[in-house]
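The values are calculated or read from the model by the stated rules, or taken from the named source; none is laboratory data. Quick caveat: nothing in here was measured; it's all calculated off a predicted structure. Every residue, glycine among them, receives a Cβ derived from its backbone with ideal geometry; neighbour counts consider all protein chains shown. Just so you know, the surface numbers come from the protein's heavy atoms only, side chains and all, with ligands and any DNA or RNA stripped out. Shrake-Rupley method; radii C 1.70, N 1.55, O 1.52, S 1.80 Å.
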Amino acid sequence: FQKALETGKRVRSETGLSSRPISIPGVAIELAQKIFEDLAPRKFLILGAGETSSIFYDLLLAKGARHIEVVNRTLARSEALVRRGGKALPWEDLASRLPHADVVIYATSSPTPVLSMETARKAMAQRRGQPLFFLDLGIPRNVDPMVAGLENAFLYAVDDLQEIAERNRQERQNEIGPAMAILEEEIDKFFS
C-alpha cells in the first residue's frame, strides 16, 4: 500500500498526467487563476442556482474563495446554495453587483442572453480598468458575445472551455507512456 502511494506521487510529480484539468469547471477555474493568480481574495458572482452553479460553488470553496455571491430568480434557491458561505441575492441586484465582481459565472437556463453589451459596458466603466472574467456556461449563451470585445473583459463560453479541455485531454494522453514506464520500474523494484 505504501509503495503504491509513493508510486502515484512519483507519477504525478514526474509526468504531466494530472497537471491539466479536463472538466469544464476545472478548465474554467484554471483560466481564472491565470488571470488573477490567487483566487482566495477575489469576488465571485454566480448567476443561477442549479447543478452547474453548485459544482462551481463547491470548486470555489475548495480553492479558498471567501467572497461568493449567488443571484437567482428564486431567492430561496440562492440561499440553499450558499449554506456553507457566501451571500444570496435577489435577481434585481444583478446589475448593481456586477461591477464589484472579479469573476462572473453565468449558468442559467435563460433562452436569451442575460448580460447585454450595454450592461457589461457600464460595469466595465465602473471597474476603471480592472479585469473582469466572464464564464458563460449557458446553452444557449447567457452573455452577448460582443462583450469579449470590451477592454479587460475576458469572456469564455462552453465551446471555448470544451476546446481547452479536449486539448488538455490529448496532452494527458501523451503522458501515459512515461507514467507506465515509472509504474514498470516501481513494480520491478517492489518484486526484487
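Key figures for this structure:
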quantity	calculated
Cut-off 15 Å between beta-carbons: net charge of the residues surrounding Pro41, Lys and Arg +1, Asp and Glu -1	0
Lys/Arg +1, Asp/Glu -1 at C-beta; the stretch 1-94 dipole; positive extreme among Ala49, Leu94, Leu5	Leu5
Cα-based radius of gyration of the stretch 136-192 once divided by 2.2 N^0.38 Å, which approximates compact folds	2.00
Neighbourhood charge, 11 Å Cβ-Cβ cut-off, centred on Gly86 and excluding it, Lys, Arg +1 and Asp, Glu -1	+3
Cβ-placed point charges (K, R +1; D, E -1), dipole of the stretch 89-179 about Cα centre in debye, nearest 20	220 debye
Pair Met180, Leu5: separation of 7 Å Cα→Cβ label points (nm)	2.8 nm
Rg/Rh for the stretch 56-150, where both radii come from Cα atoms and Rh is the Kirkwood radius	0.95
Inter-label distance for Ser18 and Met117, nm, one decimal - labels placed 7 Å from Cα along Cα-to-Cβ	4.6 nm
Cα centre as origin, Lys/Arg/Asp/Glu Cβ charges: the stretch 1-118 dipole, Debye	460 debye
J(HN,Hα) series, the stretch 82-90, from Karplus relation 6.51 cos²θ - 1.76 cosθ + 1.60, nearest Hz, glycine and proline x	8, 4, 9, x, x, 9, 8, 10, x
Total lysine pairs whose alpha carbons fall under 16 Å of each other in the chain (8 or more apart, or interchain)	6
Proximal charge balance of Met124 [Cβ under 12 Å; K/R count +1, D/E count -1]	+2
Sulfur and carbon atoms: percent of accessible area, the stretch 1-156 [1.4 Å]	52 percent
Within the chain, longest stretch free of exposed GluC sites (Glu not before Pro) [DSSP loop, at most 15 other beta carbons within 10 Å]	38-150
Å² of accessible area per residue within the chain, as computed with a 1.4 Å probe and no ligands counted	56 Å²
Computed lengthening from Glu163 to Lys87, 0.36 nm per intervening residue step minus Cα-Cα distance	24.1 nm
Helix 2-14 axis, angle to the chain major axis (alpha carbon atoms, nearest 10°)	60 degrees
Label corresponding to Cα extents along the principal axes in Å when calculated from the structure given, among (i) 45, 41, 31; (ii) 68, 35, 31; (iii) 93, 54, 29	(ii)
Nonlocal amide H pairs with Phe134, under 5 Å, H built at 1.01 Å	Val104, Phe154, Leu155, Tyr156
Nearest-ten-degree value, helix 158-174 long axis tilted from longest Cα axis of the chain	10 degrees
